[in-house]
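Single-structure report; data block below.
The values are calculated or read from the model by the stated rules, or taken from the named source; none is laboratory data. Everything numeric here is computed off the predicted structure, so don't read it as measured data. We place every Cβ from the backbone using ideal geometry, glycine too, and count neighbours over all the protein chains shown.
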């Protein structure tokens, strides 16, 4: 009997593709199911997909957060603002208690964090940002143009939504597809 090869993408969007036979993939999935059997099943909510404690999802989340970190920095984000946006996201993703800036120079950032909490930190990962983030960025650039705030806020929302949230969902869907069907061969035909 001839064994057919098929493609199994382990880290979607990260460019790593490996080939496995059907039996090899089945063995990987079985091992993963056995590893998961000791973990209490959680209700899958939109937030769960982003905060999932599964080993592969943690790896993907860490890699995607590194991408987000680099892209937010490349938008010429005010360094203190950049730092606190990432701290806020990491605290929420890791279910850590929120911490707030304590120095006087970061009072505006604390206001932005509190407003974002009112909007929902999880909504930040859905592209809904407090307007205070853009106002802080605008003041840091000493610009009177409203367009600077809108453009920067739009870029940051897009980075967080597309580079992080959408990729986490794609990874989750692919993983569920593999668990249910055993292969992803039809996906590439």
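Key figures
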read-out: Residue match in region 138-147 (condition: modelled with pLDDT of 90 or more, in a helix (DSSP H, G or I), surrounded by 16 or more Cβ atoms within 10 Å (Cβ to Cβ) and touching a helix residue (DSSP H, G or I) at 6+ places or on another chain (Cβ under 9 Å)); value: no
read-out: Close pairs (8 angstrom Cβ cut-off, 6 or more residues apart or separate chains): in contact (Cβ under 8 Å) with a residue 40 or more places away in the chain and at positive phi in region 81-97, part of a helix (DSSP H, G or I) and surrounded by 15 or more Cβ atoms within 10 Å (Cβ to Cβ) anywhere; value: 95/51
read-out: Among (1) in contact with a helix residue (DSSP H, G or I) (Cβ under 7 Å, 6 or more places away or on another chain); (2) part of a helix (DSSP H, G or I); (3) over 24 Å from residue 48 (Cβ atoms); (4) free of Cβ contacts under 8 Å to residues at least 24 places away in the same chain, the one test that residue 135 misses; value: (4)
